[in-house]
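The structure under discussion appears below in the form of structure tokens.
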Amino acid sequence: MTTTTKTGPLQDVLRDLRAVDGAVYAAVAATPTPTLDVRLRRLSRTADHSKISFAVAAALALVPGRPRRAALAGVGAIAVASASANLLGKRLVRRARPDREAARVEVARHVRMPDSASFPSGHTASAVAFATAVGVVLPVAAAPLGVLAGAVGYSRVHTGVHYPGDVAAGAVLGVVSAAVALTVEASWSAARGK
């Protein structure tokens with residue numbers, strides 16, 4: 001007698017999304033991009049611990065007014081995103097990192113494989129949170145920081161340490177984190193009478 005396992009619509013959708021996620025990861029791994037490999041590996045490493053965002057925030061903080069407010073909001077958004085991704089998301093979901101050797105990700109792309117869980121991408125969450133918060137306070141910075149955040153997110157897939165779904169979830173978490181940080185910043189400014 002053969003036993004069949006019935007799954008619900010949600011499980012079917014999740015299975016299909018995992019299949020698409022794996023297929024996109026494999027397609028990125030299989031596409032030769034020698035010119036991008038070194039640049040994206042360097043970007044991914046430079047984005048460790050939000051170094052790029054903190055450098056931009058430091059430069060913005062030197063200018064009084066909106067730029068300084070943007071820096072504060074951006075750093076606050078990084079704090080919310082980083083805590084949410086690393087202390088909550090990764091511990092709750094516990095998704096294994098991709099097997100980049102099995103996917104044959106070029107060694108020239110490799111960065112250190114993190115020990116933490118894969119979902120969501122903390123690099124992406126922090127970069128998007130910073131770009132969103134700064135962009136709301138200082139709109140002239142929105143486009144360049146948005147492009148940079150997108151490149152950081154893609155670099156994590158390109159280097160083989162995240163699935164695209166991890167990056168997409170990190171981006172959503174980043175936007176939410178920016179909204180939280182901006183709300184706190186607005187409340188704090190209102191309380192101070194500014």
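Here, each number is a calculation from the coordinates, and none is a lab measurement. Keep in mind it's a predicted model, so treat the numbers as computed, not measured. For neighbour counting, all protein chains shown are included, and Cβ atoms are generated from backbone atoms with ideal geometry for every residue, glycine included.
Any idea what the dipole of the range 1-74 comes to, in debye rounded to 20, about its Cα centre with Lys/Arg Cβ at +1 and Asp/Glu Cβ at -1?
Working: 11 positive and 5 negative charges, 93 e Å.
Magnitude of the dipole: close to 440 debye.
Output wanted: per-residue J couplings in Hz (rounded whole) for the range 126-132, from phi through Karplus 6.51 cos²θ - 1.76 cosθ + 1.60, θ = phi - 60°, x for Gly and Pro.
Whole-Hz 3J(HN,Hα) from phi for the range 126-132: 5, 5, 5, 4, 4, 4, 5.
Rounded, prolate or oblate: which fits the range 42-191, taking a ≥ b ≥ c as square roots of the Cα gyration tensor eigenvalues, rounded meaning a/c under 1.5, else prolate when a/b beats b/c? Please report the intermediate quantities before stating the final value.
On the way: a/c = 2.70, a/b = 1.76, b/c = 1.53.
Since a/c reaches 1.5 and a/b is larger than b/c, the shape of the range 42-191 is classed as prolate.
Given the Cα-Cα distance of Arg104 and Ala142 and 0.36 nm per residue of separation, how much length would full extension add, in nm?
On the way: separation 38, 0.36 × 38 = 13.68 nm, distance 3.55 nm.
Length gained between Arg104 and Ala142: 10.1 nm.
Give, rounded to the nearest 20 debye, the magnitude of the charge dipole that the range 42-191 has about its Cα centre when Lys and Arg contribute +1 at Cβ and Asp and Glu contribute -1 at Cβ. Could you put the intermediate results ahead of the total?
On the way: 16 positive and 7 negative charges, 36 e Å.
My answer is approximately 180 debye.
Just to confirm the filter: which trypsin sites (Lys or Arg not before Pro) across the range 33-87 are DSSP coil and have at most 13 other Cβ within 10 angstrom of their Cβ? Spell out each step's value before the answer.
Details: sites: Arg39, Arg41, Arg42, Arg45, Lys51, Arg68, Arg69; in loops: none.
Counting only loop positions with at most 13 other Cβ atoms within 10 Å, none of the trypsin sites (Lys or Arg not before Pro) in the range 33-87 qualifies.
May I ask for the distance between the Cα centers of the range 136-159 and the range 29-56, given as a whole number of Å?
Comparing the Cα centres of the range 136-159 and the range 29-56, I get a distance of 12 Å.
Please sort 70-81, 92-103, 138-149 by packing, taking for each peptide the average over its residues of neighbouring beta carbons within 10 angstrom, highest first. Intermediate results must be reported in sequence, preceding the final value.
Numbers: 70-81: 25.3, 92-103: 13.7, 138-149: 16.8.
By packing density, highest mean first, the sequence is 70-81, 138-149, 92-103.
Can you find, among Ala83, Gly153, Ser44, the residue farthest towards the positive end of the dipole of the range 42-191? Put +1 on the C-beta of Lys and Arg, -1 on that of Asp and Glu.
The listed residue farthest towards the positive side: Ser44.
At Arg18 and Val63, where each label point lies 7 Å from the Cα along Cα→Cβ, what is the point-to-point distance in nanometres?
My value for the distance between the label points is 4.7 nm.
Taking 22 Å as R0, compute the FRET efficiency from the Cβ-Cβ separation of Ala55 and Ser187 and round it to 0.05. Display every interim value, and only then the final one.
Working: r = 28 Å, r/R0 = 1.25.
In this case the efficiency is close to 0.20.
For the range 17-31, take each phi angle, set θ = phi - 60°, evaluate the Karplus expression 6.51 cos²θ - 1.76 cosθ + 1.60, and give the result in whole Hz per residue in order, putting x for glycine and proline.
Listing the rounded values in order: 5, 5, 5, 5, 4, x, 5, 5, 4, 5, 5, 5, 4, 7, 8 Hz.
5 Å is the cut-off here: which amide hydrogens, built 1.01 Å from N in the peptide plane, fall below it relative to Arg95, excluding neighbours closer than 5 in sequence?
For Arg95, the qualifying residues are Ser118, Phe119.
Could you state the angle between the C-alpha long axis of helix 34-46 and the longest principal axis of the C-alpha atoms of the chain, as a value from 0 to 90 degrees rounded to the nearest 10?
50 degrees
Rounded to whole Hz and in sequence order, give me ³J(HN,Hα) for the range 145-154 from the Karplus expression 6.51 cos²θ - 1.76 cosθ + 1.60, θ = phi - 60°, writing x for Gly and Pro.
6, x, 5, 4, 4, x, 5, 4, x, 5
Can you give me the relative contact order of the chain as a percent, contacts being Cα pairs under 8 Å and 6 or more apart? Please report the intermediate quantities before stating the final value.
Details: 289 pairs, mean separation 55.5, N = 194.
Normalised by residue count, the contact order of the chain is 29 percent.
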